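What follows is calculated from the coordinates using simple rules that are stated; it is not laboratory data. Computed from a predicted model, the values in this text were never measured in an experiment. Ideal geometry is used to build each Cβ from the backbone, glycine not excepted, and the neighbour counts take in all protein chains shown.
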Amino acid sequence: MSKQPEDIIRDEIRALSAYHVPDSVGLVKLDAMENPYALPAEVRAEIAQLAAAAAFNRYPDPGAAQLKARLREVLEIPPGMAVLLGNGSDEIIQMLVMAVAKPGAVVMGVEPSFVMFRMIATVCGVRFAGVPLKADFTLDAERLVAEIAEHQPALIFIAYPNNPTGSLFDAAAMARIIEAAPGLVVVDEAYHAFAGTTFMSRLQDYPNLLVMRTLSKSGLAGLRLGLLAGRDAWLAHVDKVRLPYNINVLTQLVAEQVLRHQALLAGQAAAIKAERARLFEELRRMPGVRPFPSDANFILFKTGAAEQVFNDLKRQGVLIKNLHGSHPALADCLRVTVGTPAENAKFLGVLGKALDT
Ligand SMILES: *Cc1c(COP(=O)(O)O)cnc(C)c1O
């Protein structure tokens with residue numbers, strides 16, 4: 001064998017740094033927007049029964065018909081719209097980019113936003129055009145419309161609310177972008193449970209709109225289930241990119257069962273929203289800390305010496321996300337996921353001490 005990795009592996013892949021997931025063993029985990037509440041014992045018992053009876057020797061239903069029917073009802077997917085499932089919404093982002101990856105195609109997004117949009121485009125060999133948000137992390141509609149005209153993107157991703165900023169973009173500005181786009185616009189509603197507004201009900205209005213959701217931030221991050229809703233004229237093609245059986249037997253059974261407990265999930269989301277308000281107020285009162293308003297289950301905040309504060313927190317047993325250095329607009333920014341009241345209290349206590357020193 002004479003070839004080296006640099007001869008064989010594509011340049012853009014070698015230039016990437018791997019998506020880094022830090023070790024969180026023994027730490028209060030407030031870094032990844034997980035729901036801090038476990039499922040209650042009675043729901044776990046139902047899951048145990050389903051698992052005991054599951055046909056693990058068979059392939060899963062490739063169309064996940066029962067689960068899709070439940071999702072249609074619970075997520076209020078408009079009648080007539082098609083549904084595509086992914087092993088997390090990350091997989092759906094990948095399917096979409098692979099489906100549009102013609103030579104010269106452009107995928108567009110705002111920045112700072114969810115890093116997987118750019119990363120997946122890069123991995124698929126598609127050019128990613130990132131359009132900066134305004135300094136207050138709102139949408140720069142004028143600039144976006146201009147960049148859309150210039151780059152003619154096949155696909156635009158907009159997270160609504162946005163990660164890592166937490167901002168919920170102005171709906172009228174979003175509509176302008178959907179109308180200006182020559183291709184598809186995917187509104188990524190990963191944080192829908194904490195936002196209370198949606199483009200799902202607008203699918204009828206826009207032939208180029210797709211809406212993406214995930215169960216990850218609502219308490220089922222470990223199951224890996226994401227969903228894309230929109231016109232079959234688009235989704236029928238994206239579905240050809242999907243690997244058969246991408247939603248495994250357990251995910252299909254468990255998600256379908258847990259979604260029967262709507263009130264439970266809604267109650268957890270309500271508790272997280274109440275804690276978000278409290279956490280925001282506490283952060284706002286801390287000298288030297290500037291939290292940004294959030295419609296998601298996390299809060300972005302700016303503080304001096306962010307890197308040091310992050311490391312101090314970690315030493316004291318609290319893991320959050322350090323965004324300093326990831327994008328110029330995120331200098332001195334840290335992101336904390338809203339946890340249980342006890343976790344948030346611990347975070348605030350340790351943060352107060354870290355800022356004093
Ligand atoms: C977390 C997140 C996702 C990915 O969710 P999975 O379904 O777990 O893959 C997608 N989009 C945004 C904006 C996110 O923050």
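List of remarks:
- Phe117 sits among other residues whose Cβ lies under 12 Å from its own Cβ, and their net charge, with Lys and Arg +1 and Asp and Glu -1, is -2.
- Expressed as a fraction of 2.2 N^0.38 Å, the C-alpha radius of gyration for segment 1-133 is 1.44.
- CD proxy at 222 nm, helix term only [per DSSP H run n ≥ 4: -39500 (n - 2.57); per residue of the chain; nearest 500]: -12000 deg cm²/dmol
- Net +/- balance of residues flanking Ile272 in space, Cβ distance below 13 Å, scoring K and R +1, D and E -1: 0
- When both segment 71-105 and segment 150-221 are represented by their alpha-carbon centers, they are found 12 Å apart.
- Projection of the Cα convex hull of segment 32-83, averaged over all directions and equal to a quarter of that hull's surface, yields 5.9 nm².
- Percent antiparallel among DSSP beta bridges (both partners in segment 1-160, rounded to 5): 0
- For the chain, share of DSSP beta bridges that run antiparallel, in % to the nearest 5: 50
- Each distinct pair of alpha carbons in segment 314-357 adds a 1/r term; the inverse of their mean, the Kirkwood radius, is 11.4 Å.
- Overall form of segment 215-331 per C-alpha gyration tensor (a/c, 1.5; a/b vs b/c): prolate
- Of Asp140, Asp23, Asp232, the one that fluctuates the most in a GNM where the chain has Cα springs shorter than 10 Å: Asp23
- Local electrostatic count, Leu75, Cβ distance below 11 Å [Lys/Arg +1, Asp/Glu -1]: +1
- A viscosity of 0.890 mPa s and a temperature of 25 °C, combined with the Kirkwood radius over Cα pairs in Stokes-Einstein, give a translational diffusion coefficient for segment 1-69 of 136 µm²/s.
- Loop-exposed trypsin sites (Lys or Arg not before Pro) per DSSP, neighbour cap 15 Cβ within 10 angstrom, longest uninterrupted part of the chain: 135-259
- Computed E for Val25/Asp232 - FRET, C-beta separation, R0 41 angstrom, nearest 0.05: 0.35
- Gyration tensor analysis over the Cα atoms of segment 39-197 returns equivalent ellipsoid semi-axes of 34, 19, 15 Å (largest first, whole Å).
- Restricting attention to segment 107-230, close to 20% of DSSP beta bridges with both partner residues there are antiparallel.
- Mean shadow area of segment 279-356, taken as a quarter of the surface of its Cα convex hull (nm²): 4.7
- In this structure, the residue pairs whose Cα-Cα separation is over 32 Å, taken from Lys240/Lys302; Lys134/Lys321; Lys102/Lys314; Lys3/Lys102; Lys3/Lys321; Lys3/Lys314, are Lys240/Lys302; Lys102/Lys314; Lys3/Lys321; Lys3/Lys314.
- Over the chain, all Cα pairs binned in 20 Å intervals from 0 give whole-percent P(r) values of 28, 58, 14, 0, listed from short to long.
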